[in-house]
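Please read the structure below before turning to the comments.
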Amino acid sequence: MKKKKVLVHGTPDSLKKFFSDALSFDYEVAAILSESFDKVSIVRGGKELDILPSQSLPKFIQRIIDAVIITDSNARDAVINFFLKQGFDIRKLIFWNETNGWEKVEFKSSDNTRIAYVNGLEFHIQNEADEKFFKDALSRLKRVRTYRNTDPKLYPAILAQDFQKKHNRPLDFNNLKTFTEKMQWIKLYDATTLKSRLADKFLVRSWVTEKIGAQYLIPFLGVWDNFDDIDFSVLPDQFVLKCNHGSGMNVVVRDKYSFDKQRARERINAWLAQDFSFCWNNFELHYTRINRKIIAEKFMQDGDAPNLTDYKFWCFGGKPTYCKVITGRTQSARLDYFDMNWQHMNFEQNNRPNSEHPEQIPKPKNFELMKTLAAKLAEGFAFVRVDFYEIGGRVYFGEMTFTPGAGNFSFKSEGTDEHLGTLLTLPKASPFPRI
């Protein structure tokens, strides 16, 4: 995501603390606002930043900056009033403190809706779902800040501690056996630049075109850095908006004339503000390099079926080995695994049961073609999951996932984790990405 051009306001002490926070590098600082000219000296990128007097702030500044970061919490109300009188939008005011990072500011609208602002984001909170999304967004932002300010040398120990809590067994990076154990190593030590490109839902399209052909891509409708740049008038009546840098960041629009645009804006902006590598304690480091964007794709439907069926090929050493099938998303999702002869496997995850009658799940008509395409896309990777859909008799590419579930799921079926672990040969370690 493009860096915001900002002013930074505060006391000499609060300014220096902000600039020592890893989050400060998410912004392009135009100038510092302070009354203490003789006490403030901030050098960034080898250049000393300009200092402007806040009480005589030039009017044109509003037009050239995206936000003001305010680091002096003690003067918050007075600072808010000052900038509002200067004509700044409340959404442009971002509050930071040393203890918690981003602070929230709340108001109530005339209809009693809570409106919260944090990190330049806006949230209208009208019900429990809105409240949950808001709290989750705040929690993610705090986690991202914590881990970006943590020495990467500590990541293995943090992951091991988290693994112990989730799986009730230790994680020894010197003796990895199961699939979920090896996934923890891959998240840290196989976060290559190529994986970053292919985990990017925008950039992966060029890879798919090169490897298997553009005919397997879901039709593309547009890409933007900001939600407010989207011209909905040129989009079809139905489409899907996605953030390109993580998982579960989708807005399905079945009718562009009636969908809740404000809610979509709030959710997408919150997603764009999050480094997916850290927002779930997962340390999937290949996501941290992705330049965050919004993309739109054609809404796809297979006849009258309420949902598309996912065919997720688990590929080990470039070879498709199992196909995970997800059915029944509308009511209660079920997961089933099949081998490359479409024989049902006794693999069952704890979080999702198998279908009651897996023998009734039909093999896709283009199963052999999917296997061939998956092998071409998986070539050269120790492990990757390659997803396809079959719509109207045609095959469409879904995504490439290198660390499914961040390796944090577990199997109910005895021996499955161990068996899958024997199929995964870890590659040579690569350096950590720059955080």
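Taken together, the values in this text are just the output of simple stated rules run on the coordinates, not laboratory data. In this text, all values refer to a predicted model and were calculated from it rather than measured experimentally. Cβ sites come from the backbone with ideal geometry, for glycine too, and all protein chains shown count toward neighbours.
Shape analysis of segment 4-148 based on the Cα gyration tensor places the equivalent ellipsoid semi-axes at 27, 19, 12 Å, largest first. Placing +1 on the Cβ of every Lys and Arg and -1 on the Cβ of every Asp and Glu, with nothing else charged, gives segment 4-148 a dipole about its Cα centre of roughly 260 debye. Counting neighbouring Cβ atoms within 10 Å and putting the fewest first, the residues Phe299, Phe220, Phe134, Phe179 line up as Phe220, Phe299, Phe134, Phe179. To make sure I understand the rule: partners must be aspartates and glutamates, Cα under 15 Å from the Cα of Lys85, and not fewer than 8 residues away in the same chain. Which ones qualify? The reachable aspartates and glutamates, counting only those whose Cα sits under 15 Å from Lys85, are Asp77. Charged neighbours of Asp387, selected by a Cβ distance under 11 Å, balance to +1 (K, R count +1; D, E count -1).
Considering only Trp96, Ile115, Leu23, the residue lying farthest towards the positive end of the dipole of segment 4-148 is Leu23, judged by Cα position with unit charges set on Cβ. Where in segment 164-198 does the label zone of Ala157 land, with the point 7 angstrom along Cα→C-beta and an amide N cut-off under 19 Å? From segment 164-198, the list is 164-166, 170-175, 185, 188-189. Stretching Phe173 away from Ala264 to a fully extended chain increases their span by 28.7 nm, per 0.36 nm per residue minus the current alpha-carbon distance.
Extension gain for Glu379-Glu210 works out to 59.5 nm (0.36 nm per residue, less the C-alpha to C-alpha distance). Under the convention that each Lys and Arg Cβ holds +1 and each Asp and Glu Cβ holds -1, the size of the dipole of the chain around its Cα centre is about 640 debye.
Each of Ser109 and Asn351 was given a label point 7 Å from its Cα along the Cα-to-Cβ line. The distance between the two points is 3.3 nm.
Site pair Tyr257 and Lys2 shows an inter-label distance of 3.2 nm when each label is modelled 7 Å from Cα along Cα→Cβ.
A convex hull fitted to the Cα coordinates of segment 84-195 yields 181 cubic angstrom per residue.
Starting from the Cα of Ala305, step 7 Å toward the Cβ, then list every residue of segment 397-415 with an amide N under 18 Å from that point. What the label zone holds, given the 18 Å backbone N cut-off, is 397-399. In the chain, helices alone account for a calculated mean residue ellipticity at 222 nm of -8000 deg cm²/dmol, with every DSSP H run of four or more residues adding -39,500 (n - 2.57).
For Lys412, go through the lysines and keep the ones whose alpha-carbon is under 16 Å away, minus same-chain ones fewer than eight residues off. Lys412 reaches Lys166, Lys324. Label zone (His124, point 7 Å along Cα-to-C-beta; backbone nitrogen cut-off 17 Å) within segment 230-270: 256-270.
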